[in-house]
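The values are calculated or read from the model by the stated rules, or taken from the named source; none is laboratory data. This one's a predicted model, so the numbers in the text were calculated from it and none came from an experiment. For neighbour counting, all protein chains shown are included, and Cβ atoms are generated from backbone atoms with ideal geometry for every residue, glycine included.
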Amino acid sequence: MPSSWSSASNPVPALSGQHLKITKIMCTVTLVFIVSQAPGLVVTIWSVVNPAFWDELSISETILCEFMVRMYLLNNICNPFIYGFWDSRFNREVKSIFRTIYTTIVR
């Protein structure tokens, strides 16, 4: 192994607090994306592999599969909460927007 690859001679700088926070946000967003997309993808692939897939399902199974196909919407619902939880600036801006809307409506 060349000496330039050695971690002792070329240490990797530690992540700053802000970089670590952004990394956590992106990991959370990615995880929610995968969890919300995977069920629909599985149902879609299975229905392509088995053309009679939808015909063979009971009513409750059809409802479940339709729900799974539309779980991608969960990602759109969760993202604002993720950003609101992790990012104080985003949280502050959303509160400001809702405060403005509220004061406009109440007047």
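Structural remarks
- Of the numbered criteria (1) among the hydrophobic types (A, V, I, L, M, F, W, C); (2) surrounded by 13 or more Cβ atoms within 10 Å (Cβ to Cβ); (3) modelled with pLDDT under 95; (4) under 20 Å from ASP87 (Cβ atoms), the one MET26 fails is (2).
Residues are listed down the side, and each one gets a yes or a no for (1) closer than 22 Å to GLY17 by Cα; (2) touching a helix residue (DSSP H, G or I) at 6+ places or on another chain (Cβ under 8 Å):
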{"site": "VAL69", "(1), (2)": "no, yes"}
{"site": "ASN76", "(1), (2)": "no, no"}
{"site": "ILE82", "(1), (2)": "yes, yes"}
{"site": "PHE90", "(1), (2)": "yes, yes"}
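- In the set ILE25, ILE77, only one residue is of a type in the set (Val, Ile, Thr), part of a helix (DSSP H, G or I) and in contact with an Asp or Glu (Cβ under 8 Å, 6 or more places away or on another chain); that residue is ILE25.
- Test: residue in the stretch 53-69 that is touching a residue at least 40 places away in the same chain (Cβ under 8 Å) and either over 21 Å from the mean Cα position of the chain (by Cα) or at negative phi (or both): no
- Candidates in the stretch 6-23 are the residues that are among the hydrophobic types (A, V, I, L, M, F, W, C) and within 23 Å of the chain's Cα centre (by Cα); of these, the one that is modelled with the lowest pLDDT is LEU15.
- Qualifying positions in the stretch 29-40 - polar (S, T, N, Q) and either surrounded by 14 or more Cβ atoms within 10 Å (Cβ to Cβ) or within 23 Å of LEU64 (Cβ to Cβ) (or both): SER36, GLN37
- The set of residues in the stretch 76-87 that are without any contact (Cβ under 8 Å) to a residue 60 or more places away in the chain and under 18 Å from CYS27 (Cβ atoms) comprises CYS78, ASN79, PRO80, PHE81, ILE82, TYR83, GLY84, PHE85.
- If you go through the stretch 93-107 and pick out every residue that is at pLDDT below 90, surrounded by fewer than 11 Cβ atoms within 10 Å (Cβ to Cβ) and part of a helix (DSSP H, G or I), you end up with 1.
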